[in-house]
Amino acid sequence: MNFCNRIGRKAGAGLLLLGTTFGYGTANAAQSVMITVTKGFGVSLYATELGDAKQIAVGDQGTLFVGSRKSGTITALVDSNNDGRVDRRYLIAKNMEYPEALAFHNGDLYAALDDRIVVFNNIEQRLKRPSRPKEIYDRLPGKGSKSTRGIKFGPDGRLYISISAPCNVCEPVVPFGSIIALNVNTGESQQIATGIRQVVGFDWNPLDNKLWFADSSREWMGDNIPPDEINRIDASGEHFGFPYIHGKSIKEPAYNQPKNLKIELPVFELPAHVAPMGLLFYNGTQFPKEYQQQMLVAENGSWNRSSKVGYQIVLLKMDGDKVVSRSTLVSFLDGEFPVARPYGLALAPDGSVYISDDLKGNIYRLFYKGNSADEADE
């Protein structure tokens, strides 16, 4: 990829994103902040002040829903004049227990909380006065054992839920460390995968409807190991290695793999500590054909590495059921200074891609504008 767009901010000035100027809070250092975007693409600031903006979901009418873990809120964002910038926002819920995981289906908004799943019915018709959420599932593990969750509806109409391990490295008790599929009408659930550590982002390949997910490997083994993972589920009930093996070959010294346990190795290894969160197969048409039906991954970035890695949106180029290359679309890392920590990804109605930032509580919009776009300078 050829990086051509460098976007900067100076003390006391607005941040200029490819010709769009907006406020970015109070500057406290006399240095420029740079976001690097692949040639032909642009990034604009869609919304701000959303706490630790985690997972996001888009409604049928284009409403963007944002979950915040720390603040316990769910916010709805509306761009009523379609100018690429939010002009209305609604507080859907507050004082909730870690409502970071959201999914939208058939007019309803679903949220995974600490130990249950709730639904807001007909939410886009009730943004000003949301109804009280209805509990539909109460068997998520919680109440003291916290873990990261992700939710998304699959092609079969079931709600898929990732329930990450509540530890850096341990032998988690199921359903920790697993992915389950829930029939939201009957409450019946099925275990889809085990042996996962920290999974937020997952999506289905539109060519064969197979489920792919990104898994962050354990910490404290060094700067360069173990690799983070991209995995594919070929059959229900597969085990993906945690905690016995990390990546394709890094054995865990604290736990021995059971002799009768068959482990599915990752399809692709990411660099260690990039922390993949959002994962999205791009099914829009705004981006050029070479990007369509390809995988985008939000790398949240390292937090305890001696030098920082990640903090970017990457394209994983697919060839059938293989990942053949990895390249950067947007980098939010300016040297050793993170401008943002991308977390969730969602397809916008116009084919652009929303990116949530849990560092500063922003939502960015990645769009394609063609190779003739002029570079923006402060």
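The values are calculated or read from the model by the stated rules, or taken from the named source; none is laboratory data. Just so it is clear, the model here is predicted, and its values are computed rather than measured. Note that each Cβ is placed from the backbone with ideal geometry, even for glycine, and that neighbours are counted across all protein chains shown. Note: areas computed on protein heavy atoms with side chains; ligands, DNA, RNA excluded. Shrake-Rupley method; radii C 1.70, N 1.55, O 1.52, S 1.80 Å.
With the condition kept exactly as written, say whether any residue in segment 340-363 is open to solvent by less than 10 Å² (accessible area, probe 1.4 Å), within 13 Å of the chain's Cα centre (by Cα) and of a type in the set (S, T, N, Q). Within segment 340-363, one or more residues are open to solvent by less than 10 Å² (accessible area, probe 1.4 Å), within 13 Å of the chain's Cα centre (by Cα) and of a type in the set (S, T, N, Q).
State the number of residues belonging to segment 188-206 that are out of contact with any Asp or Glu (no Cβ under 9 Å at 6 or more places or on another chain) and part of a loop (DSSP other than H, G, I, E, B). Please lay out each step first, then the result.
In the first step, residues of segment 188-206 are kept if they are out of contact with any Asp or Glu (no Cβ under 9 Å at 6 or more places or on another chain); the result is 188-191, 201-204, 206.
The next check asks that each one be part of a loop (DSSP other than H, G, I, E, B); those that pass are 188, 206.
Count: 2.
With respect to (1) crowded, with 17+ Cβ neighbours inside 10 Å; (2) closer than 19 Å to VAL330 by Cα; (3) without any contact (Cβ under 8 Å) to a residue 40 or more places away in the chain, the lone exception for LEU279 is condition (3).
Out of all the residues in segment 49-67, which are part of a loop (DSSP other than H, G, I, E, B) and in contact with a Gly (Cβ under 6 Å, 6 or more places away or on another chain)?
The first filter runs over segment 49-67 and keeps only residues part of a loop (DSSP other than H, G, I, E, B), leaving 49-52, 59-63.
Across segment 49-67, the qualifying residues are GLU49, LEU50, GLY51.
Answer with yes or no whether GLY237 is over 22 Å from CYS167 (Cβ atoms) and either open to solvent by 10 Å² or more (accessible area, probe 1.4 Å) or among the aliphatic types (A, V, I, L, M) (or both). First the steps, then the outcome.
Details: over 22 Å from CYS167 (Cβ atoms): yes; either open to solvent by 10 Å² or more (accessible area, probe 1.4 Å) or among the aliphatic types (A, V, I, L, M) (or both): yes.
So GLY237 fits the description; yes.
One residue alone among GLY62, GLY84 is touching a Pro at 6+ places or on another chain (Cβ under 6 Å) and over 20 Å from SER164 (Cβ atoms), and that residue is GLY62.
Taken over segment 285-299, the criterion of being in a loop (DSSP other than H, G, I, E, B) and either open to solvent by 10 Å² or more (accessible area, probe 1.4 Å) or farther than 20 Å from ASP203 by Cα (or both) is satisfied by THR285, GLN286, PRO288, GLN292, GLN293, GLN294. When segment 184-222 is filtered for residues that are surrounded by fewer than 22 Cβ atoms within 10 Å (Cβ to Cβ), of a type in the set (Phe, Trp, Tyr) and closer than 16 Å to ALA235 by Cβ, only TRP204 remains.
ASN256 fulfils the conditions (1) under 20 Å from THR148 (Cα atoms); (2) open to solvent by 50 Å² or more (accessible area, probe 1.4 Å) except for a single criterion, (1). Take the conditions within 24 Å of GLY187 (Cβ to Cβ), touching a Leu at 6+ places or on another chain (Cβ under 9 Å) and surrounded by fewer than 20 Cβ atoms within 10 Å (Cβ to Cβ) and apply them to ASN106. Does it pass? Against the criterion (within 24 Å of GLY187 (Cβ to Cβ), touching a Leu at 6+ places or on another chain (Cβ under 9 Å) and surrounded by fewer than 20 Cβ atoms within 10 Å (Cβ to Cβ)), ASN106 does not qualify. Listed here are the strands (runs of 3 or more DSSP E) enclosed by segment 110-163 that have at least 2 residues being open to solvent by 20 Å² or more (accessible area, probe 1.4 Å): 134-137, 149-153.
Filter segment 305-327 down to residues that are buried (at least 16 other Cβ atoms within 10 Å of the Cβ) and closer than 23 Å to PRO206 by Cβ and give me whichever is nearest to the chain's Cα centre (by Cα).
Kept after step one, since they are buried (at least 16 other Cβ atoms within 10 Å of the Cβ), are these residues of segment 305-327: 305, 308-316, 318, 323, 326.
Filter once more, so that each one left must be closer than 23 Å to PRO206 by Cβ: 313-316, 318, 323, 326.
Working: ILE313: 10, VAL314: 12, LEU315: 14, LEU316: 15, MET318: 19, VAL323: 19, ARG326: 17 Å.
Here the residue is ILE313.
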